1. So if each residue of separation counts as 0.36 nm, and I subtract the Cα-Cα distance between Phe425 and Arg248, what length gain in nm does that give?
2. So which of Lys213/Lys287; Lys137/Lys256; Lys188/Lys287; Lys296/Lys373 end up more than 29 Å apart, counting from Cα to Cα?
3. Between Glu38 and Tyr158, what length in nm is gained on full extension when 0.36 nm per residue of separation is reduced by their alpha carbon distance?
4. Evaluate E = 1/(1 + (r/R0)^6) for Glu80 and Lys213, where r is the Cβ-Cβ distance and R0 equals 35 Å; express this FRET efficiency to the nearest 0.05.
5. Name the residues whose placed amide hydrogens come within less than 5 Å of the amide hydrogen of Val212, ignoring near sequence neighbours (fewer than 5 apart) on the same chain.
6. Distance from the Cα centre of segment 418-447 to that of segment 138-168, in angstrom?
7. Compute, for segment 173-298, the length of the dipole vector about the Cα centre, with Cβ point charges of +1 (Lys, Arg) and -1 (Asp, Glu) only. Units Debye, rounded to 20.
8. With Cβ to Cβ distances under 14 Å as the rule, what net charge do the other residues near Lys250 carry (K, R +1; D, E -1)?
Amino acid sequence: MPPKLLDIDTGGLAQYLTTGYASSLVRREEPNIEVDAEGGMPIDMVGVPGYFLGDESAIMAPEIQPVLDPADHALMLTAEQLRSHGAKNNVSFLRKTQYMTSGQNARANDPLVRTNARTKQSVDNKTAPAPVARDDKENIKRHIQKGFDIAYPESIPYNPPEAKGVPSTPQERDAWRNPLHPDNPRLKPVAFYPILPDLDAVTDVGATWHSVKFEKPPLPPYHSRRDDRVDVALLMASENTAQARAWRVKKETYDKHPDLYEDPGPEPYTWSMHVPKRPESVTKIRKVFNDADPQKDDLQLREDLLEESADGSLRIPFERVRVYQSATQSTVDSRRFMAISLYDSESAPPHSRLHKQGSAAYYYPILERLRLKADRGKLGKAPTATAADEATENIPDQLMVLPREPTAREMMARLQFRGEYDAAFVDEYAEIVRQAEAEEEASREDDEPEQGAVHDGEQDVAMEEVRTNGVGHKDINDDRNTPGRVNGDRKDVDAMEDD
């Protein structure tokens, strides 16, 4: 039976020979992969530290990613970056073809053409300057001195011998006289401000400041414009009873085992904002809290502001308008994070303490950043229920503020920054320190309780051990709650709770 050329139907064999059969098969048939209950990766949580105590930080990704080694940067490139990087380094396989011509032979025989290669002169390595590291302290000092020499060339002859900066080039001097924006060359500078520290506006916590950011405007508009009471508002922090207990437990475990547990961060506080009762009193309050204003002690100026307090004295009332329980606090390096305030002497108020220094850009070191978020139902003076009652229990509805002159100890704390860095203020600061020491010694003698006879069943308790409210308040700048900050100026306030 020899083979015959017959058209025999093979049952649709042609469909297996098409190019799209494999693709349709992949879409139609899903792979059946059988795995165990743990997905082929058994996990034992017994060895994870702190997992059964509610701490899952050991199995979570770190919030701050570690610094990547420079040698591994190429591994993080995307496909587009690799494609563009390869296009830059692409070299065509074509090369310039050179032909031997009669002209080249004639040039080789030309006596005016040098045929031998030029010998390189030997460089003496001993005379070449040694490379200097960019992060070297002396190198940084020289470049800082170079910046001052370019900005103030008339002061170069008076530099001490040890202050030897790097010589400047004509291009650098021209760049200082005609600054050019790095991104937009069409932009031109309109003014120049020297950067100076504001030595008079310091705080009681090491001349550092706090940066406060509100998630929403703290006050609604007043008559379709911004409410200026925010500029003279008082921020006060009290203990957050809802979060303090959990924070203390985490802090205690972190102090005992810092290698196993994460730092819980700063202590949580409940922040409250107090503003003047009347919006139209902001202008007068600014004059009262401005040391440079000659009308700050004027009695007629204060008549409309003062109200009778619980002890019968006349004080300035500040009412509570906001309570912030959700606050994000982060401590930062005050040498890297600073606030800049531009002061223009021409547009400044007539009674400004900065008039004598002229226009400048003043910087303020930032110690802590705050981000305040107001909770709904817990904003006003009348809290609603349980959680709000507990949060606002120890926060006064009203503060009665009385400006007074600072004591010697308060002046020493505020002027510490200036006493350390202002050479012209050293002698005056030393006298303030002596007055503060004498005042502290006298206060210590007055506070010593007299020891008397103790009867049976009685306890000998000093008055300084008795607390009236049971919970102390923490000011944004000092734990002692003696100073307050109003519109950028440091003032002493005596805050007390109203009935």
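Quick note: the coordinates plus some simple rules give every number you see, no bench work behind them. What you see is a predicted model, and the numbers here were worked out from it, not measured in a lab. So basically every Cβ, Gly included, is an ideal-geometry build from the backbone, and we count neighbours across all protein chains shown.
1. Going from the current span to full extension adds 59.5 nm.
2. In this structure, Lys137/Lys256; Lys188/Lys287; Lys296/Lys373 exceed 29 Å between Cα atoms.
3. Here the segment from Glu38 to Tyr158 would lengthen by 35.5 nm.
4. Using R0 = 35 Å, I get an efficiency of 0.45.
5. Hits under the 5 Å cutoff: Leu370.
6. First find each Cα centre; the distance between them is then 36 Å.
7. Using only the charged Cβ atoms, the result is roughly 600 debye.
8. Charge balance in the 14 Å sphere: -3.
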